[in-house]
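The values are calculated or read from the model by the stated rules, or taken from the named source; none is laboratory data. Please read these numbers as outputs of a predicted model, since none were measured by experiment. All Cβ positions, even for glycine, are placed from backbone atoms using ideal geometry, and neighbour counts span all protein chains on display. We work out accessible area using only protein heavy atoms, side chains counted, and drop any ligands, DNA or RNA first. Shrake-Rupley method; radii C 1.70, N 1.55, O 1.52, S 1.80 Å.
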Amino acid sequence: MAEYAKEEKGGSDKKQIIEDTREALKDCIDAEAPERAKMLDDLRFCTLDQWPTEIRRAREDVNQEGGPRPCLTIDKINQYIVQVVNDMRQGKPGINVRPQDDTADIETAKILKGLVRNIEDQSNADIAYASAGENAAKMGLGFFRITTEYAQDDSFDQEIFIRPLPNTFSVYLGPHIMPDGSDAKRGFVVETMPVEKFKSEYPGKKWAPDDFSGLGGNHDYWRTTETITVVEHYYIERVEYELYFLEDGTTISKKDYEGWPDVAGQRPAMTRSRRAFREQLKYCKLTGIEVLDERELPGKYIPIVEVIGRESNIEGKRCLWGLVRPAKDSLRMYNYFASAITEKMGLAPKSPWVAAAGQIEGFEQQWKDSNRKNFAVLPYKPIDVNGNALPAPQRVGPTPIEAALIQQMQVIEHDVQTSLGMFKAATGESESQQSGRAILALQRESDTGTYHFGANLGVSIRQAGRIIVDLIPHYYDTKRIVRIIGEDGEVKT
C-alpha cells in the first residue's frame, strides 16, 4: 500500500486494497509463523497434550513386544496458570482517566472516567481482560479489541465496547515495538466460517469455488471445500496535505482555506505554507477476492490491544513465551518417570503363590481366590507327585520400587517450580517445619516472579483507555442521555 495518499484523491481502488491486504497479511503470517508454532505447542501442552506424537505412538503401539506401555500425563502446570490468572482477576484492573496538563478540565475528566467505567461495565470488560491475560500467561500472547455497535436496531447512535479475542492465532498486528501494540500501523482479525454461514451473512457475495481459482497457491488459505476465510483489516494511511499559516496566527489546510464560507467574513491572508501529514484510520472486511465492507474510521490507533507475557528480542526477531515453555522439559520428564513407575508396578507380581506340581490339586479355586477372599484354612498336599515331602506353598512379595525413582520425581517437581518462579507456598501448600514468616516470604517471592504478567495486562488496559478516550468525542457527539458510573459504583446520567 502506498505510504502517502493525496487528500484530493477520492474513492478507493478495491482491487488494490485486496492485493495489499493479501500481501500484508501473508507478510505477518510468514514473519510470526515460527514463534506461533511454539505458542501452539505451549497451548496444547497446558491442555494436557504433553507427549510428543511420535513417542506416544511408539509407547501405545499394541503390536510392540510386550504390548502397549503406560503414557501418563500428570497435570502439574495448570495450578500455577490458574494462580497467576486469578491474581489478575482479583486485582480488578480497569481504566483510569485523569487530566494531564494545565489546559485539561477536571470535571470533563471525571465525566470521561464515569463514561469509561460504564463502557467497561456494559462490555463485561473483565472477560476480555482475563481472556487476553490467560493467553499471555499460557503462551505469551493475547488480544482484545475496541469496537462499536449501534445502541439499538432502529438508532444511528453508536456505543463503544471492549470485546474479547479468545483465539490468539486469528489476530495479527503489523510490525511494532511497544508491548501493547500501540505503535502498530495495521491489524488483522481472521475468521474462517462455513460456506453456508458466509452465504447467509453476506448474500450476493462471491462464494463459489471457481470464483477463488485465480488465487493460485493461496487458494487453500482463503477457500476450502467447506470454509471461506473473512479478514477484517485495520490500517493507518498517512495522508499528505498543504498546511497554511494565516496572518492572524491560525493554521488551516489548503482545502479548508479554499472552501472558506462567506458567512465567516473576509478570510485572513496566507503568509506561508508547508507540506504536512495526518494519519487516517481505515477499515475493510474482505475475502481473498472481494471487499465486503470498507470505510474510514475515527481515531488514531489500531483498535486491537495486545497483551504479552515474557518478551525477548534475538537478532531483530521478537520472541514471546508464557509460563509453560520454560517448564515443558521438566514436566515431560515428570510424566516419563510417573509412567516408568506405573509400568514397573504393573509388571510386578501381584503377590502370587509358588507351589510344587500337584501340591494344590483339588484345591485350585481356593488358592486362586486367596488374594480376594479371607479363608481360615488353605489346604495343600505335603507330598509332591514323586512322593517327596514338601513345605507349604510360599507367597512371593511384590518387587520393590527403587527409591531413586521417587526421589528423582521430587527433584523434577522442584525444577518445575524453579522454571516458573513459583513455589509451593504460592499455591497454598506449606511444610510443617516452615514458619509463617518463611511461608509469607516464599509467597512474596512467587508473586514477584510472576508480577510481569499482571503488569503487562495493566499496560495494555491503559492503551485501551487511550483508544476509548480518543473515540468518545467522535461517537458521543450528539445530544443524548448516557449512563456514567462513579468511583463508588453510583450510577448517574
Going through K197/K285; K26/K197; K110/K254 one by one, the pairs whose alpha carbons sit over 27 Å apart turn out to be K110/K254
Nearest 10 degrees, 0 to 90: what angle lies between the long axis of helix 403-420 and the longest principal axis of the chain (Cα atoms)? 10 degrees
What is the sum of charges, Lys and Arg at +1 and Asp and Glu at -1, for the other residues whose Cβ falls under 11 Å from the Cβ of R89? -2
A student applying the Cα gyration tensor rule (rounded when a/c is under 1.5; otherwise prolate if a/b is larger than b/c, oblate if not) would label segment 35-127 prolate
Pseudo-spin-label distance H414 to H474, built 7 Å along Cα→Cβ, given in nm, is 5.7 nm
Asserting the computed 222 nm helical MRE of the chain (DSSP H runs at least 4 long, -39500 (n - 2.57) per run, divided by residue count, to nearest 500) equals -12500 deg cm²/dmol
Computed from the beta carbon distance with a Förster radius of 51 Å, FRET efficiency for L297 and Q366 to the nearest 0.05 stands at 0.05
What list of ³J(HN,Hα) couplings, whole Hz, do you get for segment 30-36 from phi and the Karplus terms 6.51, -1.76, 1.60, once you set θ to phi - 60° and write x for glycine and proline? 5, 5, 9, 4, x, 5, 5
Taking θ as phi - 60°, what are the ³J(HN,Hα) couplings along segment 467-472 by the Karplus curve (6.51, -1.76, 1.60), each to the nearest whole Hz, with x for Gly and Pro? 4, 5, 4, 5, 8, 3
Radius of gyration, Dmax [segment 123-202; alpha carbons; angstrom]: 15.0, 42
Compute the helix-to-body angle for 324-347: its Cα long axis versus the longest principal axis of the chain, expressed 0 to 90° and rounded to tens. 20 degrees
Within segment 201-232, whose backbone N sits under 13 Å from a point 7 Å along Cα→Cβ of N124? none
Amide H within-cut-off set for G421, under 5 Å, with H built and near neighbours excluded: none
For the chain, what is the charge dipole size about the Cα centre, in debye to the nearest 20, if Lys and Arg each add +1 at the Cβ and Asp and Glu each add -1 at the Cβ? 1140 debye
What are the ³J(HN,Hα) values, in whole Hz, obtained from phi via the Karplus relation 6.51 cos²θ - 1.76 cosθ + 1.60 with θ = phi - 60°, for each residue of segment 358-372 in sequence order, with x given for Gly and Pro? x, 6, 10, 4, x, 10, 4, 5, 4, 5, 5, 8, 5, 8, 10
Each label sits 7 Å from Cα toward the beta-carbon; between I55 and C319 the label points are separated, in nm, by 2.1 nm
Amide H proximity to L297 below 5 Å, modelled H, separation 5+ or other chain, gives L281, K282, Y283
One would report the Cα pair-distance distribution of segment 216-352, bin width 5 Å, in %, as 2, 7, 8, 7, 7, 9, 10, 9, 7, 7, 6, 5, 3, 3, 2, 2, 2, 1, 1, 1, 1, 0, 0
With a 1.4 Å probe and all protein chains kept in place, how do D75, D220, D42 rank by accessible area, largest first? D220, D75, D42
Sequence-distant or interchain residues sharing an amide H contact under 5 Å with L292, placed H: which? K285, L286, T287
Dipole axis of the chain (+1 Lys, Arg; -1 Asp, Glu on Cβ), positive-most option in T418, S339, S253: S339
Once you have the Kirkwood Rh of the chain from its Cα pairs, apply Stokes-Einstein at 20 °C and 1.002 mPa s and quote D in µm²/s. 74 µm²/s
Rough spin-label spacing in nm, given labels placed 7 Å along Cα→Cβ, for D210 and V377: 9.3 nm
Proximal charge balance of D27 [Cβ under 12 Å; K/R count +1, D/E count -1]: -1
T73 neighbourhood, Cβ < 13 Å, K/R = +1, D/E = -1, net charge +3
Looking at segment 270-369, which trypsin sites (Lys or Arg not before Pro) are in a loop (DSSP not H, G, I, E or B) and have at most 14 other Cβ atoms within 10 Å? K300, K350
To the nearest 10 degrees, the tilt of helix 436-449 (Cα long axis) against the first principal axis of the alpha carbons of the chain is 50 degrees
Percent relative contact order for the chain, counting Cα pairs under 8 Å at least six residues apart, stands at 19 percent
Roughly how many Å is it from the Cα centre of segment 143-209 to that of segment 404-418, as a whole number? 45 Å
